[in-house]
Amino acid sequence: MNKQAFGIFSIALASLLLELVLIRIFDVLWYPNMAYMIITLAVFSFGLAGVYLSIRPVSLGSRTWLWLSSATLIMAILTLLILPAIDRLPFDYMDLSQEGAKGALRNFFLIYLVICAPFFLAGFSLSLIFSHYAKQIRRLYFWDLIGAAVGSVLLIPLLPKLGTVGILYIVGGFCLVSSACFSQNKIWTRTTSVLALITFVAPFNWSSIKTFDPHMDKRSFRTLQSISEGTWWDPISKVDIIDYEELGKIVGRDYTFKWIAYDGGTQTSYFYRFDGDYEKLRASLPEDAKLHFWNRYLAISHYLKADSDAQVLVIGSAGGQETKAALAYNAAHVDGIELVGKVVELGKTTYSEYIGNVMNDPRTDIRRGEGRSYLRSTDKRYDIIQINSNHTSSSIAAGSGAMQSAYLQTVEAYEEFFSRLRNDGILHINHHIYPKMVATAAQAWANSGRRNFRDYVMVFEASGMHDNLPTFLVKMSPWTKEETELTREFMSSFSLVVNPFDSDNSFLTQPFFEPNFPQELVDRIPYRVAPPTDDQPFFNSLRKSVDELPNHQDDVFVNSSISGLLNSQRSTGIPIDIVHLIVTAGAALIFALIFTFVPLFFSRAGKAKWSGKGSLLVYFSCLGAGFIIFELIFIQVFMKLIGFPLYAYTTVFFTFLFGAGIGSLMSEKMRLIENRRWWLPFVGIIVSTLLLIIYKQYLFDLFLQYQTPVRILISIAMIFPLAFFLGMPFPMGILAVRFKPEGTVAWAWAFNGLFTVVGGIFCAIFSVYFGFQATLVAAMCAYIIALVIYRRLYSGYVSDLSSSSSTDD
């Protein structure tokens, strides 16, 4: 069975790696929430394979391995066909509101089928093995989970070297390895082994990284791709540099920058041409700001701190605009933290001379990192902390495409910003929905023991238009009238909408500047304005309803910027910011009916009368939902300790899968069922969860000061006990039903897979409204229900075992 065990390992690895790389592919082709939607819908097919096998079970025999080797071979072929298929099926959701809606829907459906097929075949293979070798499920499940654990960490090292297309070849190679392991024909084994080797080696020999053709013209990226100077894959984002100076020659305009396009235009920054003459640059400001910056607001805090030997921190330093502004006004030192390390590398090497060696200036330290993690690791205090529209477009870096977490816009984040500013330091943020920013910062201000927040705040906004990046300035000492007038003069093309010396004409009323934002306003304002916290870090979760907002309505604090942002997302009828939840929730309901009633009426296991049928379905539903909820919430929670989002994602995913795999194997060695200690894993899960909830914050505070490797090891130590126990209930459940009618194990697999997806949807919605801690409790409750139900399953197992022994006698 050793060869077949490695086949299970390989197919599990391939499945998870395929899921991760498809998420990145559709992050780039579409947007993160749409990527979440299509992949979630596709993963339903993983469980659908169990439904098929419950209806059409494959008898154990020599043909079993032929089925398995054939299924994994076909999976390899279909995986390698994903690139040409998706390139020939462009889908732009904006077409759904136009004449091309019919073609767009057709292409979406065909794309769905293309990516469903490999997951179906993987689910078919694993479900078939688990059905026929249920007695060995604890060891087989170990190999399944360990393979998935390895797959979860391969994306980070492979993506920069091979890109998404190259990783599809790696996935195809592991599918071929599985086919070789499952085959009992020597010629088949040798042939697929050679093909696997060729498939593994091929992407390493390409002269350049292959990419998918763009589906959407995000910020005109598809149109301008012909003037791209290069494409790079960072673990966080795909990076393209578009030569706008070349475009200027074509259209007769003098552009002074190159566009940094993240994930095919989802996010954006710029490398501006600069000769390194800071004195000339300073003399040209603010009138010529747009020749050197996206807008003059990027330089305002540095203008106010001119010639004061300012210590500056830029979170999201990107193409170096903020850093250049700081140096133009004689900052003593600039620390720049940028999540996408490839942009830092390009700014220091390939484009260093073009941008005036800003990132190589001896007064700067520009590095790859995450803002809050950096703040917690340093004791430095700054004169300016600046953040300009900083958030990732990667589903994986963010933890989940459904949750839209924003840890730089929470009460705790503002507390950290304030704690790292000097007594007259300035926090300078450009981000959308400034009423929510003000309310969030006000709560942090009060939590820090400060009062009279209005005296310390200015907000500027473009007049009479949709301004998606208003300028929010908080000074740690009260603004003076002289500073206010200097700021207004520099920001002459913007309106001062929050003025510390004119509260009567402010768009915002006093409660926005006070702690404990009134529930009456939370209820009355037609968008979500309550201050987000680290437990509910969903600043960008704004929508309360699908209705269109009025363009401007003072009494409910809606202006053209807020209405413009939310109404623009309704262009297809269903708001695009929540369409993924609506579609996946609807699909979950449909699949739940299919997974329940099709086997019930058409399979032998469903039609036969046997005790515990309903308990079986509820039990495996609880396991599927509970496991994925724990996983997704822990990714979010441990970002605070680990810091760097991608490290948090990988650490949590790997630890959960690896720990669960060890737990599955140990449940066999501990003979939990045989020794009637079946209750132990459930008690372990409950106790581990409660201990984490109670001691999590204490441990986080204790170890936040340490370096990243130490924080990762502490995270693994905190997660592993829970993961260990989580690996036991699934194989125990399979053992408990292995004597039931043929197809029962496949049906159990289907429900586990179905509720893995349903649990992810539940997690995304429940955590937004109730927070991560409440969602963790919900996951624990799922296992409490499973504990109660397993008692019934175990009684049935004992009875079936006794009957089986009697029959054998």
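The values are calculated or read from the model by the stated rules, or taken from the named source; none is laboratory data. Small disclaimer: the values here were computed from a predicted structure and weren't measured. Methodologically, a virtual Cβ is constructed for each residue, glycine included, from the backbone with ideal geometry; neighbour enumeration extends over all protein chains shown. Side chains are part of the model used for accessible areas, which takes the heavy atoms of the whole protein and leaves out ligands, DNA and RNA. Shrake-Rupley method; radii C 1.70, N 1.55, O 1.52, S 1.80 Å.
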For the stretch 630-677, the count of residues that are at positive phi and open to solvent by 10 Å² or more (accessible area, probe 1.4 Å) equals 2
Scanning the stretch 457-472 for residues that are crowded, with 23+ Cβ neighbours inside 10 Å and under 17 Å from residue 411 (Cα atoms) gives 457
Being open to solvent by less than 10 Å² (accessible area, probe 1.4 Å) and at pLDDT below 95 narrows 399, 336 down to just 399
Over the stretch 566-606, the set of residues open to solvent by 60 Å² or more (accessible area, probe 1.4 Å) and either farther than 18 Å from residue 754 by Cα or small (Gly, Ala, Ser) (or both) is 568, 570, 574, 601, 602, 604
Just one listed residue, out of 629, 633, 590, is hydrophobic (A, V, I, L, M, F, W, C), under 30 Å from residue 93 (Cα atoms) and in contact with a Leu (Cβ under 6 Å, 6 or more places away or on another chain), and it is 633
(request) Assess whether residue 526 counts as being in contact with a Lys or Arg (Cβ under 9 Å, 6 or more places away or on another chain), free of Cβ contacts under 8 Å to residues at least 40 places away in the same chain and under 30 Å from residue 636 (Cβ atoms). (result) yes
Residues of the stretch 209-232 being under 19 Å from residue 82 (Cα atoms) and either open to solvent by less than 60 Å² (accessible area, probe 1.4 Å) or small (Gly, Ala, Ser) (or both), in sequence order, are 209, 211, 212, 214, 215, 216
Scanning the stretch 90-107 residue by residue, those surrounded by fewer than 18 Cβ atoms within 10 Å (Cβ to Cβ) and either at pLDDT 95 or above or in a helix (DSSP H, G or I) (or both) turn out to be 94, 97, 101, 102, 103, 105, 106
Exercise. Among the residues of the stretch 80-90, is any over 27 Å from residue 579 (Cβ atoms) and either in contact (Cβ under 8 Å) with a residue 40 or more places away in the chain or touching a Cys at 6+ places or on another chain (Cβ under 6 Å) (or both)?
Worked result: yes
| request: For residue 246, state whether it is over 19 Å from residue 24 (Cβ atoms), of a type outside the set (Gly, Ala, Ser) and within 29 Å of the chain's Cα centre (by Cα). | output: no
Residue set 543, 570, 604; condition of a type in the set (D, E, K, R) and in contact with a strand residue (DSSP E or B) (Cβ under 8 Å, 6 or more places away or on another chain); output residue 543
The residue from 195, 121, 113, 162 that alone is open to solvent by 10 Å² or more (accessible area, probe 1.4 Å), of a type outside the set (Lys, Arg) and either in contact with a Pro (Cβ under 6 Å, 6 or more places away or on another chain) or at pLDDT below 95 (or both) is 113
Filtering helices (runs of 4 or more DSSP H) wholly in the stretch 703-809 for at least 2 residues that are under 30 Å from residue 607 (Cβ atoms) and open to solvent by 60 Å² or more (accessible area, probe 1.4 Å) gives 772-808
Within the stretch 678-702, of all residues that are over 25 Å from the mean Cα position of the chain (by Cα), open to solvent by less than 40 Å² (accessible area, probe 1.4 Å) and of a type in the set (A, V, I, L, M), the one nearest to residue 627 (Cα to Cα) is 685
The condition from (1) without any contact (Cβ under 8 Å) to a residue 24 or more places away in the chain; (2) open to solvent by 20 Å² or more (accessible area, probe 1.4 Å); (3) of a type outside the set (Asp, Glu) that residue 273 misses is numbered (1)
Residue 452 meets each of (1) surrounded by fewer than 19 Cβ atoms within 10 Å (Cβ to Cβ); (2) among the polar types (S, T, N, Q); (3) in contact with a strand residue (DSSP E or B) (Cβ under 6 Å, 6 or more places away or on another chain) with one exception, condition (3)
